[in-house]
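Peer 1: Provided herewith is a single structure, encoded as structure tokens, for subsequent inquiry.
The values are calculated or read from the model by the stated rules, or taken from the named source; none is laboratory data. All figures in this text were calculated on a predicted structure; none of them were measured in a lab. FYI the Cβ positions are ideal-geometry reconstructions off the backbone, even for glycines, and counts take in every protein chain you see. Just the protein is used for accessible areas: all its heavy atoms, side chains included, with ligands, DNA and RNA removed. Shrake-Rupley method; radii C 1.70, N 1.55, O 1.52, S 1.80 Å.
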2 protein chains.
Amino acid sequence: MARLVLAALLATTAVPALAGSVDSPDGRIHVTVDTDQDGVPFYTVERDGKAVLAKSFLGFNFTDAEPMRRGFRIEQETTATADSKWEQPWGERQWVRDHHNELAVTMIQPSTKGERHLTVRFRVFDDGIGFRYEFPDQASLPVANIADELTEFNIAQDGKAWWIPGGDWNRYEYLYHETPISSVGMAHTPITMVLGDGTHVSFHEAALVDYSGMWFRRMEGTRFRASLAPSSRGAKVVRKGAFDTPWRTIRIAPDAAGLVENDLELNLNEPNKLGDVSYFKPQKYIGIWWGMIRGDWTWAQGPNHGATTARSKQYIDFAAKHRFSGVLIEGWNEGWDGNWFGNGRDFSFTKAYPDFDIKAVTDYARKKGVQIIGHHETGGNIAVYEKQMDAGFALDEQLGIHLVKTGYVADAGNLISCNADIHDPCGDEIFEWHDGQRSVQHHLAVLEDAARHKVAIDSHEPVKDTGLRRTYPNWVAREGARGQEYNAWAKFANGPGHEVNLVYTRMLAGPMDFTPGVLSLVGSNGQPIASTEAKQLGTYLAIYSPIQMAADFIENLAAHPKELAFIEQVPADWAESHLIAGEVGEYAIFARKDRNSADWYVGGVNNATARDVELGFDFLEPGKVYTATIYKDGPGATYETEARFNIAYDTRKIRKGDKLPLWLAPGGGAAIRLTPDK
Amino acid sequence: MARLVLAALLATTAVPALAGSVDSPDGRIHVTVDTDQDGVPFYTVERDGKAVLAKSFLGFNFTDAEPMRRGFRIEQETTATADSKWEQPWGERQWVRDHHNELAVTMIQPSTKGERHLTVRFRVFDDGIGFRYEFPDQASLPVANIADELTEFNIAQDGKAWWIPGGDWNRYEYLYHETPISSVGMAHTPITMVLGDGTHVSFHEAALVDYSGMWFRRMEGTRFRASLAPSSRGAKVVRKGAFDTPWRTIRIAPDAAGLVENDLELNLNEPNKLGDVSYFKPQKYIGIWWGMIRGDWTWAQGPNHGATTARSKQYIDFAAKHRFSGVLIEGWNEGWDGNWFGNGRDFSFTKAYPDFDIKAVTDYARKKGVQIIGHHETGGNIAVYEKQMDAGFALDEQLGIHLVKTGYVADAGNLISCNADIHDPCGDEIFEWHDGQRSVQHHLAVLEDAARHKVAIDSHEPVKDTGLRRTYPNWVAREGARGQEYNAWAKFANGPGHEVNLVYTRMLAGPMDFTPGVLSLVGSNGQPIASTEAKQLGTYLAIYSPIQMAADFIENLAAHPKELAFIEQVPADWAESHLIAGEVGEYAIFARKDRNSADWYVGGVNNATARDVELGFDFLEPGKVYTATIYKDGPGATYETEARFNIAYDTRKIRKGDKLPLWLAPGGGAAIRLTPDK
């Protein structure tokens, strides 16, 4: 027996027909909010009068209370508009404009414990929308034990989607699927789509704080629903009193550039709460890392232990010589010798291995003008880490370490926690998701503690990025995707198109510590990487991060002096960034302006299909002549053979408005440095 | 950083290469079980040497213990074979053959709490396979708090799938989607597929006892994974000591008949635990029900209250006259007046409304040789029901009621429970899924209590059927799909093809109380039903149940005397059942032999496409002449217009081997009674 018709038959009070709508500042995006005949709230989204999202329902199930689904009536609507500019301490661009119209709809629902109120707030920008739920402090629902969100995204057209599976074991570390929207399974966000009519959309979330990450579950056809990351504690989210959910975000644009040059999630995050984070400098770095990833060295003690004092000094010397600000050293600390994977019980974040003199190494680095990048691998055991992290960061501060790479290597769903709340004493171990509420709480606790010690964080195997770098600008980068490391582990492991796919999906979330710069183009056992030499350089421009590794062994970097020179020069901090050529899934060429000079850098990455592109230089300053130093795929270059080493160099003068034809090899790329002549 | 390669780098002990396989008795289905390089267990399935399931992983996540995923090695393999026949007290066929080969693989996994053992048992039949996990009582895992099953179904080819969405609000009450397998979202089981090479498969489960129901989640491509129905208590399943999971079942056949004439799940259930259930008689029934569904009458008190003493006697009189054994009476009890939907706090299962004299009605029925069918609507509040159900069944027993329809009308995920375990005292309310472990426990507790009072159960808004009628043969029918009632609520609400889709999906699970026999072919407000007159009769043969309603008002039944005569005659219990013509999604014609006479009945249902079929009668007894009484779509009949009333009658002699051409209208059907001449 269906509830729907029964509700109609029982026919209680009629629902008033109050319904709201709000348009983007340019009037092209139109959002409506209403309730249906059963009082179920829903929203719709149009662009240029065409449906982007058809009727999409809103609501919640709770573990211990009646659902927020039916019987709502709209109580109040308020609108607002805002137009402001704010500055990023570091980033793809220095200034961000926040221009939006807002509609807040407050609804009332009767329940057996009294009336319940819920506000849904929409912010509509020219290039996307965000909405969140706001729960007041109310006696009818003093604690929200959320079983799941019922938020829907009922996409109005089929089209193509680029996505990775959600809810599988390997967290976010997958190659991207390109499928019809109607063939998506359970996906993580950002999930990017090109609708049948060419509209580009990407679904994600902003300001994921004290809540569970949202998976994007296709119900049928092109109708999706939020599915919150599970919790072993019952409710997926537990919140007391008043609270706001993260923003559910939808970038909407006519083309790829409109998706990429889009600050929707940053604008929906709160401003900087930390104040001055100048202890963190955008930088390039090398590290004692690739050797372990390839299997030449070990994290654990033994004859091939990577992190020795001697090797550290060698890397510091190289960094100092080649203008790398940082040296990452992994495997420096106790705990790697046993079965740490997905366990992490034995890690110490203060005790170095006997062959690694941490004081001597950091002293040596300081003397050489280089900073050591610390490393805190937890093996996914956040309980063990939370007990020690403050001591770890205190040690870092004392040693002059201002950037720490954290790691949470454990299968998804198997992060070890041991308390119901981050502030409670530790009880039995429980296993949680990398993107569940408990993990989200953990990551912010780490950031806050690190900030107290003037440490910035680069999280690996993290929760996804939802723009929190605006609020916590010491969260400078993270992994949260399949990085270069996979190229060590099998021939062509990432394939020729992965970097392009990252640009249009994962990178919409924020900086990624992808670790480009494997100039030798081989992984372990000599297995080739599906990349040309030029693509390794183009990746520094395609995949933004304020920390950019040159991942290869220093001997291999030195063996490619011209490429190393480019890596030495390319900035990791930008005044402006533009996607000047590209298509989702195909290729991506960026122009980025150095934040600390008048130089521009142009470059990017290609997928498996060779192509000719013509680059325009409209972004250059008029009247100036720039010397362009060009690194590009040589004739016949292809990732498929030894011709992947085929790189061509060129130098020419370029002015604003010039055109430059460029051939991109299969699995290729390009990088150009533009310096204004004096 | 990926775990996969790290595990390889850390390279502990090599995994022995013990791997098992087992074939079906006819040798055509081949199953292998093995562990991969990381010790992750998997299985594969082939039919006739072609892959049906590619490498499909097995395992578990727990809320409070390391996952059972990696590091397994095979410890022991045992094989067995079985061939037996067993009798159903009632059913589609009297005798069921259980012929299978078995492989049990016991695996060992090291853990921080000691070695853990897990057995996976496969049973391979000629027409499908089942497998389950068996947990021993072990100190290394004394309680299994299962976060989720990791069982995969990695389908080796794309093809078509027929399915309904899992995890949405309306439980199982959906029209079926027909999509590519690679476009399935989250589905319920049974989910039926026709692979590219024509192989017919259907995925489901058997013996769902003290465990959560399995949803069928597509990860990507044609790879699916079990996703257990959630629990508000944290772990989706909590089991102490030794236990077995339900069987995960895969029917595999070359054609539609092979899917339908298939006793896989019944064979995987335990034998009858209740003994004699002869208090239940397969039957047809009428009821005070359609009037409430249409909105003419009410469940609650008032001027249009349906369940009055007078109307009950009128229905009893009609039943007695027209050979209906049962009269269902809904709305007889207190609790319907308030907001019971999804709440159910005020229901009484012993107190009748003042205008319904339950003693007088049941006495009158007894005198007339008719049995009242009781009704226990819970509004989804199993906590309230569990306190009262024994008193309710005791009352039934005392009044001579031996069949009760139960109801759980609440949105999926909002079944109200109030204790962590069915045997614990009641605490705070919690909200659970209709197919979660708590609900599964509840349904068996109801069955067992009902059996003590000699009551059979017809559950509406139930957990799905997994063949438990073998073990608990008082579980005679259920809803668990979109029934005829939807046809009351909107024009063509179920569409012309729904009954056909039910045959090949939901009906693979077991009997459904679909409630055919709306001979007036209209719902509320005169809205037409997408069915011809003949299809209403054909539905009695297409959709099996040991209880078959004639759902219409008795005045409407009486207005169609010829059709009513067929309904009076058609049995609800069969010696044999065969799908003699049909294609998944298209049409379905059954031949069924009465268990209590030499009569055969042939008939079924069509979808929206008119078609000519030729029926064969090879199943008849040789040498005998049968008189066939035929009800079929008249010329020009179609569900789309008033021509849906166009029915043709015919009588002819038929012998074994004869052919009978038959035209099926759009939304049509047919029914034939074959009686051997004396």
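Peer 1: Any idea how far the Cα center of the range A:462-482 sits from the one of the range A:643-678, in Å?
Peer 2: 31
Peer 1: Which whole-number percent gives the relative contact order of chain A, counting Cα pairs below 8 Å spaced six or more residues apart?
Peer 2: 11
Peer 1: Quote the FRET efficiency, to the nearest 0.05, computed for B:ALA558 versus B:THR651 with a Förster distance R0 of 25 Å and r equal to the Cβ-Cβ distance.
Peer 2: Result of the calculation: an efficiency of 0.65.
Peer 1: Just checking the output field for A:186-193: average partner chain Cβ neighbours within 10 Å of each residue's Cβ?
Peer 2: 1
Peer 1: Can you bin every Cα-Cα distance in the range B:365-404 into 10 Å intervals starting at zero and give me the percent of pairs per bin, rounded to whole numbers?
Peer 2: 29, 47, 19, 5
Peer 1: Also: 7 Å from Cα along Cα→Cβ at both B:GLN527 and A:ASN596: what's the point-to-point distance in nm?
Peer 2: Modelled inter-label distance: 7.0 nm.
Peer 1: Would you mind giving the three semi-axes, in whole Å and largest first, of the ellipsoid equivalent to the range A:299-384 according to its Cα gyration tensor? Provide the component values of the computation, followed by the final result.
Peer 2: On the way: eigenvalues 127, 34, 21 Å².
Square roots of five times the eigenvalues give 25, 13, 10 Å.
Peer 1: Run the simple label-point estimate for A:ALA310 and A:SER278 please: 7 Å along Cα→C-beta, distance reported in nm.
Peer 2: About 4.1 nm separates the two model spin labels.
Peer 1: Taking only the alpha carbons of chain B, what extent do you get along each of the three principal axes, in Å, biggest first?
Peer 2: Between the extreme Cα coordinates on each principal axis of chain B lie 79, 61, 42 Å.
Peer 1: Hey, another quick one. With every atom except the alpha carbons ignored, what do you get for Rg and Dmax of the range A:468-597, in angstroms?
Peer 2: Rg and Dmax of the range A:468-597, Cα atoms, are 14.5, 43 Å.
Peer 1: Right, next: Take every DSSP beta bridge with both residues inside the range A:283-480 and express the antiparallel ones as a percent of the total, to the nearest 5.
Peer 2: Of the beta bridges lying entirely in the range A:283-480, close to 15 percent run antiparallel.
Peer 1: Hey, what's the Cα Rg ratio for the range B:283-480 versus the globular rule of thumb, 2.2 N^0.38 Å?
Peer 2: Ratio of Rg to 2.2 N^0.38 Å for the range B:283-480: 0.99.
Peer 1: Using Cα pairs closer than 8 Å and at least 6 residues apart in sequence, work out the relative contact order for the range B:283-480, in percent.
Peer 2: Worked out over the range B:283-480, it gives 16 percent.
Peer 1: Let me ask something additional. Once each part is reduced to its C-alpha centroid, what is the distance from the range B:334-348 to the range A:289-339 in angstrom?
Peer 2: 68
Peer 1: I need the inter-copy label distances for A:PRO661: point set 7 Å along Cα to C-beta, values in nm with one decimal, smallest first.
Peer 2: Distances between equivalent label points, in nm: 6.9.
Peer 1: Under 18 Å between alpha carbons, and skipping anything fewer than 8 positions from B:LYS656 in its own chain: which lysines qualify?
Peer 2: Qualifying lysines at Cα under 18 Å: B:LYS593, B:LYS624, B:LYS678.
Peer 1: Heavy-atom accessible area of A:THR81 with all protein chains present, probe 1.4 Å, nearest 10 Å²?
Peer 2: Accessible area of A:THR81: about 100 Å².
Peer 1: Now a separate question. Between A:VAL96 and A:GLU397, take the C-beta separation as r, use R0 = 35 Å, and let me know the FRET efficiency to the nearest 0.05.
Peer 2: Computed FRET efficiency for A:VAL96 and A:GLU397: 0.70.
Peer 1: Any idea what the dipole of the range B:512-678 comes to, in debye rounded to 20, about its Cα centre with Lys/Arg Cβ at +1 and Asp/Glu Cβ at -1? Please report the intermediate quantities before stating the final value.
Peer 2: Working: 16 positive and 22 negative charges, 102 e Å.
Computed charge dipole of the range B:512-678: roughly 480 debye.
Peer 1: With 24 Å as the cut-off, how large is the P(r) tail for the range B:380-476, expressed as percent of Cα-Cα pairs?
Peer 2: For the range B:380-476, the share of Cα pairs beyond 24 Å comes to 18 percent.
Peer 1: Pull up the cross-link candidates among the lysines for B:LYS387, meaning alpha carbon to alpha carbon under 29 Å and not fewer than 8 places away within one chain.
Peer 2: Hits, sequence-local ones excluded: A:LYS113, B:LYS236, B:LYS240, B:LYS273, B:LYS281, B:LYS351, B:LYS359, B:LYS405, B:LYS454, B:LYS464.
Peer 1: Of all trypsin sites (Lys or Arg not before Pro) in the range A:489-596, which ones are in loop regions per DSSP and have a Cβ with at most 16 other Cβ atoms within 10 Å?
Peer 2: Here the sparse-neighbourhood loop sites are A:LYS491.
Peer 1: I need the Kirkwood Rh of the range A:238-382: take the reciprocal of the average 1/r across all distinct C-alpha pairs and report it in angstrom. Present the calculation step by step, with values, prior to reporting the outcome.
Peer 2: On the way: mean 1/r = 0.0540 Å⁻¹.
Final number for the Kirkwood radius of the range A:238-382 is 18.5 Å.
Peer 1: Each label point is 7 Å from the Cα along the Cα-to-Cβ direction; what then is the distance between the points at A:SER84 and B:ASP296, in nm?
Peer 2: Label-label distance for A:SER84 and B:ASP296, simple model: 6.5 nm.
Peer 1: For chain B, list the DSSP H helices whose alpha carbon atoms reach 24 Å or more along the long axis and whose average Kyte-Doolittle value is -0.5 or above?
Peer 2: B:382-399
Peer 1: OK, next. Cα centroids of the range A:558-622 and the range B:530-602: how far apart, whole angstrom?
Peer 2: Each part's Cα centre sits 72 Å from the other's.
Peer 1: For Cα pairs less than 8 Å apart in space and 6+ apart in sequence, what is the mean separation divided by the residue count of the range A:93-198, i.e. the relative contact order in percent?
Peer 2: Rounded, it is 18 percent for the range A:93-198.
Peer 1: Would you mind listing how long the protein assembly as shown runs along its three principal axes, going by Cα atoms, in whole Å with the largest first?
Peer 2: Cα spread of the protein assembly as shown along its principal axes, largest to smallest: 109, 68, 59 Å.
Peer 1: What's the magnitude of the charge dipole for the range A:20-267 around its Cα centre, counting Lys and Arg as +1 and Asp and Glu as -1 at the beta-carbon? Answer in Debye, nearest 20.
Peer 2: 680
Peer 1: How far is B:LYS113 from the same spot in each other copy, in nm, shortest first, if each label point sits 7 Å from Cα toward Cβ?
Peer 2: 3.2
Peer 1: Mind giving me the FRET efficiency for B:GLN76 and A:ASN339? R0 is 25 Å, r the Cβ-Cβ distance, nearest 0.05 is fine.
Peer 2: Rounded to the nearest 0.05, the efficiency is 0.50.
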